[in-house]
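A.B. asks: Structure in structure tokens, see below.
The values are calculated or read from the model by the stated rules, or taken from the named source; none is laboratory data. This one's a predicted model, so the numbers in the text were calculated from it and none came from an experiment. Cβ placement follows ideal geometry from the backbone for every residue including glycine, while neighbour counts extend to all protein chains displayed.
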């Protein structure tokens, strides 16, 4: 494969960044040049809830400059993404269209899940020892301008992830008016951060013995700089090294950081909130060292692109993390694991056998799998209308790697699968046509998979599914009477026949 040039433009809350990559014959990206320009998007959008016209003008000028740079390198593909400053702006759609008309750039606004997904890819692909690190308890802190994402790994598995509205810029914007009203601003700042982190600790999995912490974010390069480290390289610091820079930030005014340490004035006030978050988590985990990788959202986007289009192999399978995350959510809500395992396997057998007729893609198979794993989590809240409760729980769950539309598809599938006629459901009727089709097919598959274990007693053993000319033939081995499951299957199979076009037929082989 010939080398080609690809660029990523990341429009952040404080800066807009352009990174140009060369993709070699083996599909691995190599950074060629990086350019950064200051913006005031986050400061204004967090405070007023909109992106104002002067900010849009500023951003357009920035994009014009980036376009010239891309032309110099003969870039063949440009990704242009925005994060929380656009996510939180009430007028974002209008602004995006205006920018498209004026510059030709179509900005993609990443939701929190996808932003963190790309950040995680960047960290895992740039940290060569990441796989060995997560063999023991490891906390990952992604400290953004708008929010904080804390992710936990243990025994080489993804365990848990939680987002908190606790970003460095947001904290500063919310509390900046206190600086001139109190002589104990640092104490107030610490109390504010500690309160939100206590809420996180209340839901975090217990029993994790932490050995490592990984922290990254836009401002941490400057913290590395204050320690005498190279901001553009990975480094490992001790607890004592961090405590030294923390104390320095605690006792140094932002204006002095700018004057004496050459920290940009728009960055200086954000360093103490970031350091306070790390210090709190450092005390909670008790780890002795912190890994500070050099990784960015742009890196994650380009690695993801190369894995999908250029033959590059990621060091991990993102789908595995999603499945583990869903299993941990199901465990948190005390679902019946044996029932969930049966339904998951049966649903995937049905999907695979009917794939030619359904027209669904491999990504839809993952959505069905996650729906099966999560389909009973609502019973933790409400036994009767558990599917309604499950919808709400899923919609507010962080499943890193799913965009908001995919998460909504899973939640709707779980919401609709027990309904006798989902077509009459209000939430179904409001869907766009293409999403109606996907949700209908996933719902039809999940409902007959669930019917095959209606008693929750796993009476069936091996499940075999084959597609015949006019039937989907499902056979089960069972040692117990399956009359209830047969009855449930008959009452739930009509939707599948209507949507997929073949009649599902269940046959039970009794084994004594």
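A.B. asks: Residue by residue through the range 266-283, note down the ones that are touching a residue at least 12 places away in the same chain (Cβ under 8 Å) and either surrounded by fewer than 17 Cβ atoms within 10 Å (Cβ to Cβ) or part of a loop (DSSP other than H, G, I, E, B) (or both).
C.D. replies: 266, 267, listed by residue number.
A.B. asks: Considering each of 357, 348 in turn, give the residue that is touching a residue at least 60 places away in the same chain (Cβ under 8 Å), in the same structural domain as residue 443 (by TED's automatic domain parsing) and touching a helix residue (DSSP H, G or I) at 6+ places or on another chain (Cβ under 8 Å). Write out each step before concluding.
C.D. replies: Working: 348 fails: touching a residue at least 60 places away in the same chain (Cβ under 8 Å).
Answer to the selection: 357.
A.B. asks: In this structure, is residue 312 more than 19 Å from residue 226 (Cβ to Cβ), part of a loop (DSSP other than H, G, I, E, B) and in contact with a strand residue (DSSP E or B) (Cβ under 9 Å, 6 or more places away or on another chain)?
C.D. replies: Spelling it out, residue 312 is indeed more than 19 Å from residue 226 (Cβ to Cβ), part of a loop (DSSP other than H, G, I, E, B) and in contact with a strand residue (DSSP E or B) (Cβ under 9 Å, 6 or more places away or on another chain).
A.B. asks: On the given criteria, is residue 431 out of contact with any strand residue (DSSP E or B) (no Cβ under 7 Å at 6 or more places or on another chain), part of a loop (DSSP other than H, G, I, E, B) and on the phi < 0 side of the Ramachandran plot?
C.D. replies: yes
A.B. asks: What number of residues within the range 218-231 satisfy the criterion of being touching a helix residue (DSSP H, G or I) at 6+ places or on another chain (Cβ under 7 Å) and either in contact (Cβ under 8 Å) with a residue 24 or more places away in the chain or assigned to a helix (DSSP H, G or I) (or both)?
C.D. replies: 6
A.B. asks: Scan the range 251-265 and report the pairs whose first residue is more than 15 Å from residue 169 (Cβ to Cβ) and whose second residue is surrounded by fewer than 16 Cβ atoms within 10 Å (Cβ to Cβ) and modelled with pLDDT under 90, with Cβ atoms within less than 8 Å and a gap of 6+ or a chain change.
C.D. replies: Listed by first residue and then by second, the contacts come to 255/265; 258/264; 258/265.
A.B. asks: Suppose the filter is out of contact with any helix residue (DSSP H, G or I) (no Cβ under 7 Å at 6 or more places or on another chain), surrounded by 19 or more Cβ atoms within 10 Å (Cβ to Cβ) and within 28 Å of residue 126 (Cα to Cα); does residue 82 pass it?
C.D. replies: yes
A.B. asks: Still on this structure, please answer the following. Just wondering, is there one or more residues in the range 458-475 that are free of Cβ contacts under 8 Å to residues at least 24 places away in the same chain and in contact with a helix residue (DSSP H, G or I) (Cβ under 8 Å, 6 or more places away or on another chain)?
C.D. replies: Checking the range 458-475: not a single residue is free of Cβ contacts under 8 Å to residues at least 24 places away in the same chain and in contact with a helix residue (DSSP H, G or I) (Cβ under 8 Å, 6 or more places away or on another chain).
A.B. asks: Restricting attention to the range 18-33, which residues are surrounded by fewer than 19 Cβ atoms within 10 Å (Cβ to Cβ) and on the phi < 0 side of the Ramachandran plot? Step through it out loud before you land on a result.
C.D. replies: First, the residues of the range 18-33 that are surrounded by fewer than 19 Cβ atoms within 10 Å (Cβ to Cβ): 22, 24-28, 30-33.
22, 24, 25, 26, 28, 30, 31, 32, 33, listed by residue number.
A.B. asks: Restricting to the range 134-192, what's the tally of residues that are at pLDDT below 70 and either in the same structural domain as residue 399 (by TED's automatic domain parsing) or in a loop (DSSP other than H, G, I, E, B) (or both)?
C.D. replies: Number satisfying all stated conditions: 7.
A.B. asks: Moving to a separate point now. Can you find even one residue in the range 258-269 that is in contact with a helix residue (DSSP H, G or I) (Cβ under 6 Å, 6 or more places away or on another chain) and under 17 Å from residue 288 (Cα atoms)? Let's see the steps before the verdict.
C.D. replies: To start, the set of residues in the range 258-269 that are in contact with a helix residue (DSSP H, G or I) (Cβ under 6 Å, 6 or more places away or on another chain) comprises 258, 263, 265, 267-269.
Among the residues that remain, those that are also under 17 Å from residue 288 (Cα atoms) are: none.
No: zero hits.
A.B. asks: Name the single residue that is farthest from the chain's Cα centre (by Cα) among those in the range 476-507 being crowded, with 20+ Cβ neighbours inside 10 Å and farther than 15 Å from residue 442 by Cα.
C.D. replies: Among residues in the range 476-507 that are crowded, with 20+ Cβ neighbours inside 10 Å and farther than 15 Å from residue 442 by Cα, the one farthest from the chain's Cα centre (by Cα) is 482.
A.B. asks: Continuing with the same structure: Among the residues of the range 51-66, are any in contact with a helix residue (DSSP H, G or I) (Cβ under 7 Å, 6 or more places away or on another chain) and under 12 Å from residue 18 (Cα atoms)?
C.D. replies: Within the range 51-66, one or more residues are in contact with a helix residue (DSSP H, G or I) (Cβ under 7 Å, 6 or more places away or on another chain) and under 12 Å from residue 18 (Cα atoms).
A.B. asks: Just checking, does the range 394-415 include any residue being buried (at least 22 other Cβ atoms within 10 Å of the Cβ), in contact (Cβ under 8 Å) with a residue 24 or more places away in the chain, over 29 Å from residue 152 (Cβ atoms) and assigned by TED's automatic domain parsing to the domain that holds residue 342?
C.D. replies: no
A.B. asks: Being free of Cβ contacts under 8 Å to residues at least 60 places away in the same chain and not in a helix (DSSP H, G or I) is the filter here; which residues of the range 318-334 pass it?
C.D. replies: Within the range 318-334, 334 is the sole residue that qualifies.
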